[in-house]
Every structure is written in structure tokens, then in C-alpha cells.
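A.B. asks: Please find one structure pasted underneath; my questions will follow.
The values are calculated or read from the model by the stated rules, or taken from the named source; none is laboratory data. Since we're looking at a predicted model, the values are computed, not measured. Please note: Cβ atoms are built from the backbone with ideal geometry, for glycine as well, and neighbour counts cover all protein chains shown. Each accessible area value is taken on the protein alone, full model and side chains, heavy atoms only, with ligands, DNA and RNA left out. Shrake-Rupley method; radii C 1.70, N 1.55, O 1.52, S 1.80 Å.
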Amino acid sequence: MRFFLQLNGVIYFNEKIKEDRASVSQRMVQHLNSGGNLMYFPEGTWNISPNLPVLPCYWGIVQIAQLSNSIIVPIAAEQYGKHFKINIGKNFDMQSFGLEVDEKTRAINTLRDILATLKWEIWETEPQLRRKEIIGNEWEIYKSERFKEWSYFNEEYIDGLIFKHKNIIESQKAFEDIKRISKK
């Protein structure tokens, strides 16, 4: 796999190191300005959430598109066993958004909504299970299959890559104190 990525061009970096992220962003802008194309994953990692079609996204993609005056082509992909379904959306022009933080936030949230809609459209093409056909552990089976393919990934590593809004508390954290309440 690495060989084919290198043939097509790939920029390796450590997503957990801020300086690496800044350096690769500059290289992406240069690449786009010289007529190149990029494949960019704004979620930053695998989505193994059972209830979010698209994870909260980093706004790097909108910033790079603005700096290079590039168009984003939103693409959603879903994996079914060894097969993938792809849904390509309409061009997303960053020139419709300003450079301020609230505008970048609006842009990435709009792009995330578009990606979620594209995923939903893929899901609608799949046969629907009947309630009596659902075993209850389908999601765990799906995750297990993905981790078998990429043994160096695990849930803890992936969780560390997910963008977390400062003002949003995860449900486990929100209900942590309730677990400590005792009945008397």
C-alpha cells in the first residue's frame, strides 16, 4: 500500500505534533498553488462513532482552501465488507466565507452537514434490516473488522485524534457524578 501511495504522492506527518501539522499545511497550499490536487480527511481520523455520520471536523481544510483559492469537492465513502460506495457532492467554494474564526466555523459546519447528507444518501441505497434481524452487536463487529485490517490502530488512539469542542461535554463525563450518588 505504501508503495502505491508514494507513486501517487503522499505527504507523511505526525498529526499529534503541532509543528508537523503547520508544516504540512504550508506544503499543501504550495501544492495546490502549483496546480496539484489533494485528498483531505477533515475528520482527522476514522469515524467509529455509532451515532455521528460525520465527526466534528478540524477547519484546516477550509483554511487551506482559502489560502490557495481552491474549491473543495466533498466526497463521502462507506465501506460494506471489502466494497466501498462513494458519493460526490457539489463543489464547495470557500470564497463564500470570510477569514474570521466564526466564518471558518460556519464553513466547516456547513461542509460537515454536506458530508453527512452524502453519507445518508449512500445509506439509503443499502437494504434495510428489519428489527427482528438485528442482533445488537453489529457495530462492534464492524469495528472489530476494521481494526483487524489496521492492527496499529485502537479506540484510544483514534479518540485522541478526534476534534473535541471546548464547550461540549461527552455524555460519559456529563453523567460521571450520577454514578457516584448513592441511595440511602
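A.B. asks: Tell me yes or no: at least one residue of segment 59-69 is under 19 Å from the mean Cα position of the chain (by Cα), closer than 25 Å to Leu118 by Cβ and open to solvent by 60 Å² or more (accessible area, probe 1.4 Å).
C.D. replies: The initial filter retains those residues of segment 59-69 that are under 19 Å from the mean Cα position of the chain (by Cα), namely 59-65.
Those still in the list that are closer than 25 Å to Leu118 by Cβ too: 59-65.
Pick out the ones that are also open to solvent by 60 Å² or more (accessible area, probe 1.4 Å) and you get 59, 63.
Within segment 59-69 (the criterion being under 19 Å from the mean Cα position of the chain (by Cα), closer than 25 Å to Leu118 by Cβ and open to solvent by 60 Å² or more (accessible area, probe 1.4 Å)), the answer is yes, since at least one residue qualifies.
A.B. asks: Criterion first (touching a Cys at 6+ places or on another chain (Cβ under 7 Å) and in contact (Cβ under 8 Å) with a residue 40 or more places away in the chain) does Pro42 satisfy it?
C.D. replies: Details: touching a Cys at 6+ places or on another chain (Cβ under 7 Å): yes; in contact (Cβ under 8 Å) with a residue 40 or more places away in the chain: yes.
Judged against the criteria, Pro42 is a match.
A.B. asks: Separate question: Might you check whether a residue that is among the acidic types (Asp, Glu), more than 19 Å from His165 (Cβ to Cβ) and without any contact (Cβ under 8 Å) to a residue 24 or more places away in the chain occurs anywhere in segment 77-93? Show your work before the answer.
C.D. replies: Here is the first cut: in segment 77-93, the ones among the acidic types (Asp, Glu) are 78, 93.
Add one more test, that the residue is more than 19 Å from His165 (Cβ to Cβ), and what stays is 78, 93.
Next, only the ones that are without any contact (Cβ under 8 Å) to a residue 24 or more places away in the chain stay: 93.
Looking through segment 77-93, at least one residue is among the acidic types (Asp, Glu), more than 19 Å from His165 (Cβ to Cβ) and without any contact (Cβ under 8 Å) to a residue 24 or more places away in the chain.
A.B. asks: Looking for whichever is surrounded by 10 or more Cβ atoms within 10 Å (Cβ to Cβ) and in a helix (DSSP H, G or I) here; the options are Phe147, Phe84, Phe163, Phe153. Which one fits?
C.D. replies: On the way: Phe84 fails: in a helix (DSSP H, G or I); Phe163 fails: in a helix (DSSP H, G or I); Phe153 fails: in a helix (DSSP H, G or I).
Phe147 is the lone residue from the list that is surrounded by 10 or more Cβ atoms within 10 Å (Cβ to Cβ) and in a helix (DSSP H, G or I).
A.B. asks: Restricting to segment 115-130, and then to whatever is modelled with pLDDT under 85 and loosely packed, with under 10 Cβ neighbours inside 10 Å, can you tell me which residue is nearest to the chain's Cα centre (by Cα)? So that I can check it myself, show each step before the final result.
C.D. replies: Let us first name the residues in segment 115-130 that are modelled with pLDDT under 85, namely 128-130.
Add one more test, that the residue is loosely packed, with under 10 Cβ neighbours inside 10 Å, and what stays is 128, 130.
Numbers: Gln128: 25, Arg130: 29 Å.
Looking at the filtered set, the residue picked out is Gln128.
A.B. asks: Going by the structure shown, is Asp177 part of a helix (DSSP H, G or I), acidic (Asp, Glu) and at pLDDT below 75? Before you say what the answer is, go through the steps one by one.
C.D. replies: Working: part of a helix (DSSP H, G or I): yes; acidic (Asp, Glu): yes; at pLDDT below 75: yes.
Yes.
A.B. asks: Further question: Looking at Lys104 and the list (1) farther than 23 Å from His83 by Cα; (2) exposed (fewer than 14 other Cβ atoms within 10 Å of the Cβ), which single condition is not satisfied?
C.D. replies: Tallying (1) farther than 23 Å from His83 by Cα; (2) exposed (fewer than 14 other Cβ atoms within 10 Å of the Cβ), Lys104 fails exactly one: (2).
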